[in-house]
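Following: one structure in structure tokens, then a few remarks.
The values are calculated or read from the model by the stated rules, or taken from the named source; none is laboratory data. Every value quoted in this text rests on a predicted model; they were computed, and no experiment measured them. FYI the Cβ positions are ideal-geometry reconstructions off the backbone, even for glycines, and counts take in every protein chain you see.
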Amino acid sequence: MPSVPTWMRAGRPTSTPFKALTFSTGTDCGGTQYFPRIGISPDAQARRRVYFDLIAQVACEVGVPVRLFDALIAQESRYRPYARSSAGAMGLAQLMPGTAAYLGVSDPWHPEQNLRGGARCQRRSKSRP
């Protein structure tokens, strides 16, 4: 009968084999610079380059992780400032009109206002239990 490997024996493991999979709760604001995003079209990449500094700045000011907020923008609008969903969500962060009004966003088509509203919305949803 083969012997049982040490890591499978009873007792507390001495190391965590999946340590690299832990997630940071930080905002990664320490000099976040533009980096190409994998899996988006060249057109989306060009738009991302235009808005990335603003995305990073707003995320840091509001206190949400830059990469998480950037991923939200990629998924929601593909970095299109005038994107509109079939449900009526608008702009880069795809804010619904009622949500935009609630967050104090007077012009949801304005990229900076939209991103600020989207970051505040993401921060609120992240802090919920």
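Side notes on the structure shown:
- Candidates A89, A74, A100: the one that is modelled with pLDDT of 95 or more and either among the basic types (K, R) or in contact with a Lys or Arg (Cβ under 7 Å, 6 or more places away or on another chain) (or both) is A74.
- Some residue of region 64-82 being more than 18 Å from S41 (Cβ to Cβ) and free of Cβ contacts under 8 Å to residues at least 24 places away in the same chain: no
- Test result for R128, among the basic types (K, R) and modelled with pLDDT of 95 or more: no
- A119 in contact with a strand residue (DSSP E or B) (Cβ under 9 Å, 6 or more places away or on another chain) and modelled with pLDDT of 95 or more: no
- Residues of region 82-124 satisfying the condition of being farther than 15 Å from A71 by Cα and polar (S, T, N, Q): S85, S86, T99, S106, Q113, N114
- Test: P36 is of a type outside the set (K, R), part of a loop (DSSP other than H, G, I, E, B) and either modelled with pLDDT under 70 or over 22 Å from H110 (Cβ atoms) (or both): yes
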